[in-house]
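Structure first, then comments.
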Amino acid sequence: VVSTQSTGSSGINAEYGEVINSFFTFDHTMSKFLALILFLAVLVLAVGSSNCSLKKKKLNKKIKQYKKRCLSKGFQSSVGCTSASVNRKLGKKVLKKCQTIEEVLKKCDFSCPVDGGWSDHGGWTDCSADCGGGNQTRSRTCSNPAPAFGGVDCDGEAEESQECNKSQCPINGGWTGWGAWSQCSAQCEEGNQTRKRSCSDPAPAFGGADCVGNGEESQKCNTQPCPVNGGWTSFVAWSQCSTQCGGGSQTRKRSCSNPAPANGGRVCSGNSVESQRCNTNPCPINGGWTDGRVVTLFSSM
């Protein structure tokens, strides 16, 4: 695609027309001769202000000549045109001819469109997350080359993104609540019991730290004194018999003090006193005289 600008009398700028119009409306008494002189002067100024000496048809012909004789043979354009890649250098004569053609085209504001080209991507930005999946971007610019002379912009996106740091984040361990206390190891006189918790709320994962502290704790329990059941002492000696003969009784005793019941312990079972008969032998009966007769008496059994 090329852009051209038509030249000649048809290319007089609007500003010159305005000058002419203002002139003719300025003073109606001015002679037509002076008006014609001024018009021609303005026309010459307008035509002379353009550097391009080629009309449209000749300009197009010159452009084709430039492409065929110069660009196709590897001439390095200074107006943004793409040159063919060739292995040989241009001769001095051809090089000078091409430079001359290019200068003529420059005066006619000729230039080849330059399509934009992407630069290399810059470095990736820092990831938006240290772990667990984040995002990062990198960008490029449409400056290699930048579009010029009506060339198209770069095709595609100036920025691209990617996921980063997709590894799982470390999970530090957390304790569960304490479980119930275990049964006490003793019913009385101080025992021990324990309770536990686990490092699973949550469990450590992906390099996370273990829980700090102990998974088990203990305490004393049932510290009250144990109940003491009563126990009998041995019986003491029998008491003196209540009679010397003919059958009496005697007793002996014991006490519930070996040990004495304590702390809710049971009292002794049984009797604290027992008795037995004693001196069961008949008592002696002394003989006695009757009156005038001798009577032999026998003691009853």
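Of the conditions (1) open to solvent by 80 Å² or more (accessible area, probe 1.4 Å); (2) over 30 Å from GLY133 (Cα atoms), CYS226 clears all except one; give me its number.
The number of the failed condition is (1).
Please enumerate the residues belonging to region 272-301 that are charged (D, E, K, R) and modelled with pLDDT of 85 or more.
Passing the criteria: GLU274, ARG277.
Over 30 Å from GLY213 (Cα atoms), open to solvent by less than 70 Å² (accessible area, probe 1.4 Å), of a type in the set (D, E, K, R) and in contact (Cβ under 8 Å) with a residue 12 or more places away in the chain: which single residue out of ARG140, ARG197 fits that description?
ARG140
Could you please find all residues in region 79-115 being among the basic types (Lys, Arg) and in a helix (DSSP H, G or I)?
Residues satisfying the conditions are LYS92, LYS93, LYS96, LYS97, LYS106, LYS107.
Please specify each residue of region 82-112 satisfying the condition of being under 23 Å from GLY150 (Cα atoms), touching a Cys at 6+ places or on another chain (Cβ under 6 Å), open to solvent by less than 40 Å² (accessible area, probe 1.4 Å) and modelled with pLDDT of 85 or more.
CYS108
Filter region 172-182 for residues that are of a type outside the set (A, V, I, L, M, F, W, C) and either surrounded by fewer than 12 Cβ atoms within 10 Å (Cβ to Cβ) or over 30 Å from VAL228 (Cβ atoms) (or both) and give the result.
Scanning region 172-182 gives ASN172, GLY173, GLY174, THR176, GLY177, GLY179.
Between a residue in region 258-279 that is part of a strand (DSSP E or B) and any residue that is of a type in the set (Lys, Arg), which pairs come within a Cβ distance under 9 Å, given they are 6 or more apart or on different chains?
Correct list of pairs: VAL273/ARG252; VAL273/LYS253; VAL273/ARG254; GLU274/ARG252; GLU274/LYS253; GLU274/ARG254; SER275/ARG252; GLN276/ARG252.
Among the residues of region 158-180, is there at least one that is at pLDDT 95 or above and under 30 Å from ASN263 (Cα atoms)?
Within region 158-180 (the criterion being at pLDDT 95 or above and under 30 Å from ASN263 (Cα atoms)), the answer is yes, since at least one residue qualifies.
Could you give every pair whose Cβ atoms fall below 6 Å, whose first residue belongs to region 69-82 and is closer than 10 Å to GLU102 by Cβ, and whose second residue is open to solvent by less than 10 Å² (accessible area, probe 1.4 Å) and in a loop (DSSP other than H, G, I, E, B), counting only separations of at least 6 or pairs across chains?
Qualifying pairs under 6 Å: none.
Run down THR137, THR141 and say which single residue is modelled with pLDDT of 90 or more and part of a strand (DSSP E or B).
THR137
Among residues belonging to region 50-78 that are closer than 27 Å to ASP115 by Cβ and assigned to a loop (DSSP other than H, G, I, E, B), point out the one that is most open to solvent (accessible area, probe 1.4 Å).
Among them, the one singled out is GLN76.
Any residue in region 103-114 that is closer than 10 Å to ASN51 by Cβ and touching a residue at least 24 places away in the same chain (Cβ under 8 Å) sitting within a Cβ distance under 8 Å of a residue that is crowded, with 19+ Cβ neighbours inside 10 Å and not basic (Lys, Arg)? List the pairs, counting only those 6 or more apart or interchain.
VAL104/LEU54; LYS107/CYS52; CYS108/THR7; CYS108/CYS52; CYS108/LEU54; CYS108/LEU59; ASP109/CYS52
Restricting region 147-164 to residues that are in a loop (DSSP other than H, G, I, E, B) and open to solvent by 60 Å² or more (accessible area, probe 1.4 Å), which is nearest to HIS121 (Cα to Cα)? Break it down into steps so the answer makes sense when it comes.
Restricting attention to region 147-164, the residues satisfying the condition of being in a loop (DSSP other than H, G, I, E, B) are 147, 149-158.
If we keep only those that are open to solvent by 60 Å² or more (accessible area, probe 1.4 Å) too, we end up with 149-150, 152-153, 155, 157.
Working: PHE149: 25, GLY150: 25, VAL152: 20, ASP153: 17, ASP155: 14, GLU157: 11 Å.
Out of the qualifying residues, it is GLU157.
The values are calculated or read from the model by the stated rules, or taken from the named source; none is laboratory data. Given the structure is predicted, the values throughout are model-derived calculations rather than measurements. Counting neighbours? That spans all protein chains shown, and the Cβs are built from the backbone with ideal geometry, glycine included. Note: accessible area is taken over every heavy atom of the protein model, side chains too, but ligands, DNA and RNA are not part of it. Shrake-Rupley method; radii C 1.70, N 1.55, O 1.52, S 1.80 Å.
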